[in-house]
Amino acid sequence: MWLFKRLLPRLIRKGRLTVITHDGQSFTYGDGDAAWPDLTMRLHDAKVARDIVRDPRLGAGEAYMDGRYTIEGGDILDFVTFVRANKPWERGDSDLARKGIPARAGAAIVGRVNRINQRRTSKANVSHHYDLSDRLYDLFLDRDRQYSCAYWSDLSNTLEQAQTEKLAHIAAKLHLSPGQKVLDIGCGWGGMALYLNRTCDVDVLGITLSEEQLKVARERAAAAGVSDRVKFDLLDYRDVQGQFDRIVSVGMFEHVGPAHYREFFRTCHNRLTPQGVMLLHTIGRINKPGTTDAWTRKYIFPGGYSPSLSEVMRASERNKLMITDVEVLRLHYAYTLREWYKRVQDKRAEIEALYDARFFRMWSFYLAGATAAFESGGMVNFQLQYCRDRRTLPITRDYIADAEKALRAKG
């Protein structure tokens, strides 16, 4: 407990956090600034503090899942975002930079091991997260089941509007023409592929490693009467054959792993026609390469890793793909995650009926932690546009705004 009490003053400087131990002792941290939260963390057993000190993210996540501590004066989202906001990325502190050479070398080795995502385990890693009950995703995603960062041109928009605008934003960057062939790597439940076909009159092949997503995507294409033009397959990106005028990948690159980045971009280069264009949308880190925390690896995204921009550039440059546009979405995912979190809380009874209370707390902690990472931590979204021939795209960005406006008008 004494280590826990020494840790908290370093974490909580603004606002107030009161910790009540299992035996009734009370400790208060922070300056009490009324503009900041005033929360209470109630520990229900003697080992919670020890587990958090050993590994703050893993210990805090598991203890919350197990109901071994509770938050008063707010909920887990309030608590996690409060703690993270006390030490935002912008402050410029770097724990790793203060460590010596052995510590930095050790962190680098752990990072490389944790980021390995072998081909033989890729499908299992994807299934762990995406083959959960369809009903779960229906409870908190938009109607189109877009499970990635939305695009908020207006914060008063609904989640459904923001996700549709995300599709238009990406489609505009693809610079599509009717009849073109598009490859959608990591197609999810088919929303992007169906949107591109409907609004841009293109043929799409969507690939996924999730059997549940594949089933739903094929059902949606059949219901829309476009199965002849929008096809879906259970396929690893490395096994795709043929060439495509366009490649789009949204929210899939986080599952590739740095060891396979060069292979990913080599495959994309070889699958693109000489006049092809690619749009990659991925979570990324503002900092240099790092690691995925132990709790997220264990419970949410085994094999998952969000890259630094330098890692992506290093891999794509080697494969003759020209970077033609870079956009950093700094807060869009935070707004998206807050909406997902709200919907999850509203559907607590249904989620606990599908799984149990521990799963509900796990999912809540996942969304809360992700929100904090995008609001105050080192996470953003990258949208990276590539082409093979520098003359393929117009020489100014005006075409993107023009196409996006036209696509929004279509709804």
Legend entry - Mean accessible surface per residue for the chain, computed with a 1.4 Å probe while every protein chain stays in place, in Å²: 45 Å²
Inset, instruction - Any chance you could give the angle, 0 to 90 degrees and rounded to 10, that helix 56-65 forms with the longest Cα principal axis of the chain? - result: 90 degrees
Inset, instruction - For ILE20, tell me the accessible area in Å² from a 1.4 Å probe, rounded to the nearest 10. - result: 30 Å²
Inset, instruction - Any chance you could give the angle, 0 to 90 degrees and rounded to 10, that helix 332-346 forms with the longest Cα principal axis of the chain? - result: 60 degrees
Inset, instruction - May I ask you to give the percent of accessible area on the chain that is carbon plus sulfur, with a probe radius of 1.4 Å? - result: 51 percent
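Apply the a/c threshold of 1.5 to the C-alpha gyration tensor of the stretch 206-298 and tell me whether it is rounded, prolate or oblate. Let's see the in-between values first.
On the way: a/c = 2.32, a/b = 1.36, b/c = 1.70.
Oblate shape, in that a/c is at least 1.5 and b/c is the bigger or equal ratio.
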Inset, instruction - From the C-alpha gyration tensor of the chain, pull out the three semi-axes of the equivalent ellipsoid (sqrt of 5λ each), sorted largest to smallest, in whole Å. - result: 39, 23, 20
Legend entry - Rg [Å, one decimal], Dmax [Å, integer] - the stretch 301-399, C-alpha atoms: 18.8, 56
Inset, instruction - Quote the accessible area belonging to ARG84 in square angstrom, nearest 10, computed with a 1.4 Å probe and with ligands, DNA and RNA left uncounted. - result: 80 Å²
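The values are calculated or read from the model by the stated rules, or taken from the named source; none is laboratory data. All of these numbers come straight from a predicted model, not from anything done at the bench. SASA here: full protein model, heavy atoms, side chains in, ligands and nucleic acids out. Shrake-Rupley method; radii C 1.70, N 1.55, O 1.52, S 1.80 Å.
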